[in-house]
Amino acid sequence: MGFAGRESWQVSHGTSRAVTTALFLRDTLALSVDTVPELPGLDPGVPVVVPAGVDRAAAAEEWLGWWADVLDHARAGSPPDDSPDVPDDPSGTSLRVRPALRAAVLALRPAAADHHRRTAASPQTLPIGEVVRGVEHRLGRHVRPFRLVITEVPVRGPVWERTTAAHVIASRHFLGDPALSAPALRAAVEALA
């Protein structure tokens, strides 16, 4: 959102192929890894498949570092999935230094892309403008310029996890319930305002 003559706020909201791919690999390979933030399994769930040539133990060791790269990419605010050096690009920097995950991404890329296509429906409509106006009314002033990125993930149940002050990972289930999403969005905006 922009206003002539002054800086303003911006909220971006959408899915990330790299995030979905990372979660798809976690679930498909049944990796014993703890996501930070903690995220339940994919919805819809996926069968466990370990392609020939994929080392699950090595992939699990590399996964958390890769997850950090994936989240950094998502925090950038919906960068194009085909931009250079996307974390799920087998020729990119992130997977070049993680050979076990690179092999897994190469083996499972078509299935991961299919899962992302099936789960990446239009993002939920959020009352962002209404929430910002409500916060401004409560504060008695315009909000300070801020940027908030909401990454929608296809996982089971309600999830709203702030990874930083300006980045949230949220499930479709959570965002689709205004009784949950509006207060959470208001708290995030108030923290940044």
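Brief remarks follow.
- Only protein atoms count toward the accessible area here, which uses a 1.4 Å probe; on the chain, the carbon and sulfur part of that area reaches 54 percent.
- Förster-model FRET efficiency, 41 Å R0, Val50 and Thr125, C-beta, rounded to 0.05: 0.60
- Beta bridges by DSSP in the chain, antiparallel share as percent, to the nearest 5: 40 percent
- In the complete set of protein chains, residue-level accessible area for Thr125 is approximately 130 Å², probe 1.4 angstrom.
- Cα shape, the stretch 108-184, gyration tensor, a/c 1.5 rule: prolate
- Other-chain or far-sequence residues with amide H under 5 Å of Phe146's (modelled H): Trp9, Gln10
- Think of it as helices only: each DSSP H run of n ≥ 4 in the chain is worth -39500 (n - 2.57), and spread over all residues that comes to -14500 deg cm²/dmol at 222 nm.
- Part-to-part distance (alpha-carbon centres) for the stretch 96-146 and the stretch 19-63, which is given in Å: 19 Å
- Here the Karplus relation 6.51 cos²θ - 1.76 cosθ + 1.60, evaluated at θ = phi - 60°, turns the backbone of the stretch 145-151 into coupling constants of x, 8, 10, 10, 10, 10, 9 Hz, with x for every Gly and Pro.
- Whole-Hz couplings from phi, Karplus 6.51/-1.76/1.60, listed for the stretch 135-144; x for Gly and Pro: 5, 4, 4, 5, 7, x, 7, 5, 5, 5
- Per-residue HN-Hα couplings for the stretch 106-112 [Karplus 6.51, -1.76, 1.60; θ = phi - 60°; Hz; x = Gly/Pro]: 4, 6, 10, 4, x, 5, 5
- Heavy-atom accessible area per residue - the stretch 67-193, 1.4 Å, Å²: 48 Å²
- Inter-probe distance in nm under a simple model that places probes 7 Å from Cα toward Cβ, at Glu136 and Asp114: 4.7 nm
- Amide H to amide H distances under 5 Å link His13 with Ile150, where only residues 5 or more positions off or on other chains count and H is placed in the peptide plane.
- Excluding exposed DSSP-loop trypsin sites (Lys or Arg not before Pro) (at most 15 other C-beta within 10 Å), longest clean stretch of the chain: 1-140
The values are calculated or read from the model by the stated rules, or taken from the named source; none is laboratory data. Note that the coordinates shown come from a computational prediction; the quantities given were computed from them, not determined experimentally. Cβ atoms come from the backbone with ideal geometry, glycine included; neighbour counts cover every protein chain shown. For the accessible areas, the whole protein counts, side chains as well, though only heavy atoms, and no ligand, DNA or RNA atoms are used. Shrake-Rupley method; radii C 1.70, N 1.55, O 1.52, S 1.80 Å.
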